[in-house]
Every structure is written in structure tokens, then in C-alpha cells.
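Visitor: Submitted below is the structure of interest, expressed as C-alpha cells.
The values are calculated or read from the model by the stated rules, or taken from the named source; none is laboratory data. In this text, all values refer to a predicted model and were calculated from it rather than measured experimentally. In this analysis, Cβ positions are derived from the backbone assuming ideal geometry, glycine residues included, and neighbour counts consider all displayed protein chains.
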Amino acid sequence: MGESHKIVTLATKDSGIISAIARHGGKSKKRFPASLDYFKIIEIQAERKSSAQEMWQLQKAGVVNFYSRIPTNLNSYLAGCWAIDCSKRFVPPEIPDLPIFDWLKDNFDFLDKNPPEPLYILFSFLKLVFVTGHNIIFDRCVKCGKVAPHDKPAYFDASSGGIVCRSCGKSKIIIPADLKFAILAVSSRENLQSMEDLQPQIIDTAHKNRNLILKILYESFVNLYGHETFSLNLLVKYLGRE
């Protein structure tokens, strides 16, 4: 393949995650006017002659929206890159029913206006986990189903998929009662934008426990995916700074 050609991965509204060849994508300003970069919503024309042909042929792409503020903030940029990385690693290609386009757009809409906090990133990850057919439980023991008391801390075991009670086994990660309440509060939200009106008490609790939230995120990611990633390590490193 020529040096001017590009292989791009796209999250589409109708076809899920697809791979496409943009011939002369590195040179053609007429067919691809600055449209094949991160943090852009684009309108495309693509075709594939047969389902047996693995890659789509990208004919044209134009920018609909560019989230220009995300690259100007390091934490927002890292969170955005991590979201893109997650969409590639967790989401099988060409599954139209998975709302991965909406999940990414929700992240970009939020990050373009708000520097990310660990609680927001954990919430976003929980949404991705849910839409890809998994779940992480915070309100009851994942082994016996016993409801976790609201006023007591809880053990978190990523390998089990959430909270475990004392009878079913302890864990090195202990979630304080107020943080457990905060996580449950944000888990019920519809999207990241709905988190902009969180109660100050929840925000203060999340900030106080930011490194613990990142540890829960890290352990959960590694358990589901199998190993850490460069984007995850950078995100945890920089968001963990006060």
C-alpha cells in the first residue's frame, strides 16, 4: 500500500466500528479535508463491494464537528485518547446494535467543556462495560447477592466483578461508605452531561478519594481486558495528581 494511503478505524452510527482504506488520505485535501484525525465527527461516503471484502473503501469525508478544546487540556486529551482506545479494544467490529458512536460522542461533548475528574471517567467506563454486555456491581455482593449496607465500607474485588461481603471473601481494595454512595449515585445517571449538576458532597467525596477511584478503574479495566494499556497508564498517572 502506498505511503499516501491511510487505514482508519471509524465509530459509525449505523455499522459500529469499521476499518476503512482512505486512498491518498494523506494527500487529498479535496476528498479528506483535515477530516481523518482524532476528536472529529465526520460525514463519510464509503463502500464495500462484498461482505467478504474485509475493509471498506472510504471515498470522501467531511468534518461536521471538531472538538477543538480537548487537545488544549492534557487531562481531557488523555481521557479522550483512552476512550478511543477502549472503543477499539472492547468493542467487536461491525456490531450495529452497540451504541459505541453515541458513547464516544457523549465523552467528547463532555470533555470539550469540562476537564475530567476520576469519578467521571469511572462513570464513563461503567457505561461502556454495560453496553458491551458486562457489568460491575457496587450495591450487593456479586457472589451471594447480599445487599451492601449503605453506611458501611465494602470490599471491592475486580476479578469477581464488584463488591464482595466478608463471608464470601475479602479484598485489598476497601471502598468507604461515602464513596460507595457516590459511585451508586453516578451509576444511575443517563450520560456524562447529567453529571454536571452533581451534589457538592458527592464531588468532594470523589475528589478526596480520587486515587482510590482510579485504582478501581485500573483493576476493573485489567480484569476485563486482560492487561494494562499505555493510554490507561497515562490517564491514571496524570489524573492521580492533585
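Visitor: Just the residues that are touching a residue at least 60 places away in the same chain (Cβ under 8 Å) and either outside any helix (DSSP H, G or I) or more than 21 Å from ASP14 (Cβ to Cβ) (or both), please, taken from region 69-93.
Guide: LEU74, ASN75, LEU78, ALA79, CYS81, TRP82, ASP85, ARG89, VAL91, PRO92, PRO93 - these are the residues of region 69-93 that are touching a residue at least 60 places away in the same chain (Cβ under 8 Å) and either outside any helix (DSSP H, G or I) or more than 21 Å from ASP14 (Cβ to Cβ) (or both).
Visitor: Where residues in region 96-148 are crowded, with 17+ Cβ neighbours inside 10 Å and of a type in the set (Asp, Glu), which of them is farthest from ARG241 (Cα to Cα)?
Guide: My answer is ASP106.
Visitor: In this structure, is ALA177 among the small types (Gly, Ala, Ser), farther than 22 Å from LEU224 by Cβ and surrounded by 13 or more Cβ atoms within 10 Å (Cβ to Cβ)?
Guide: Spelling it out, ALA177 is indeed among the small types (Gly, Ala, Ser), farther than 22 Å from LEU224 by Cβ and surrounded by 13 or more Cβ atoms within 10 Å (Cβ to Cβ).
Visitor: It is to be established whether one or more residues within region 211-219 are among the aromatic types (Phe, Trp, Tyr), in contact with an Asp or Glu (Cβ under 9 Å, 6 or more places away or on another chain) and over 25 Å from LYS113 (Cα atoms).
Guide: Scanning region 211-219 turns up no residue that is among the aromatic types (Phe, Trp, Tyr), in contact with an Asp or Glu (Cβ under 9 Å, 6 or more places away or on another chain) and over 25 Å from LYS113 (Cα atoms).
Visitor: Mind checking which residues of region 77-120 are of a type in the set (S, T, N, Q) and over 16 Å from ASP37 (Cα atoms)?
Guide: Once the filter is applied, which keeps residues that are of a type in the set (S, T, N, Q) and over 16 Å from ASP37 (Cα atoms), region 77-120 yields ASN107, ASN114.
Visitor: If you go through region 207-228 one residue at a time, how many are surrounded by 16 or more Cβ atoms within 10 Å (Cβ to Cβ) and modelled with pLDDT under 90?
Guide: Residues flagged as surrounded by 16 or more Cβ atoms within 10 Å (Cβ to Cβ) and modelled with pLDDT under 90 within region 207-228 amount to 1.
Visitor: Which one of the conditions (1) in the same structural domain as SER15 (by TED's automatic domain parsing); (2) assigned to a loop (DSSP other than H, G, I, E, B) does LYS60 fail to meet, given that it meets all the rest?
Guide: (2)
Yes/no per residue for (1) under 28 Å from LEU234 (Cα atoms); (2) at pLDDT 80 or above:
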residue: MET1; (1), (2): no, no
residue: SER15; (1), (2): no, yes
residue: ILE21; (1), (2): no, yes
residue: ILE41; (1), (2): yes, yes
residue: ALA52; (1), (2): no, no
residue: LEU58; (1), (2): no, yes
residue: CYS81; (1), (2): yes, yes
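Visitor: Working only within region 141-172, note down all residues that are aliphatic (A, V, I, L, M) and either more than 20 Å from VAL129 (Cα to Cα) or not assigned by TED's automatic domain parsing to the domain that holds SER187 (or both).
Guide: VAL147, ALA148, ALA154
Visitor: I'd like the full set of residues that are surrounded by 13 or more Cβ atoms within 10 Å (Cβ to Cβ) and more than 18 Å from HIS150 (Cβ to Cβ), limited to region 162-174.
Guide: Scanning region 162-174 gives CYS168, SER171, ILE173.
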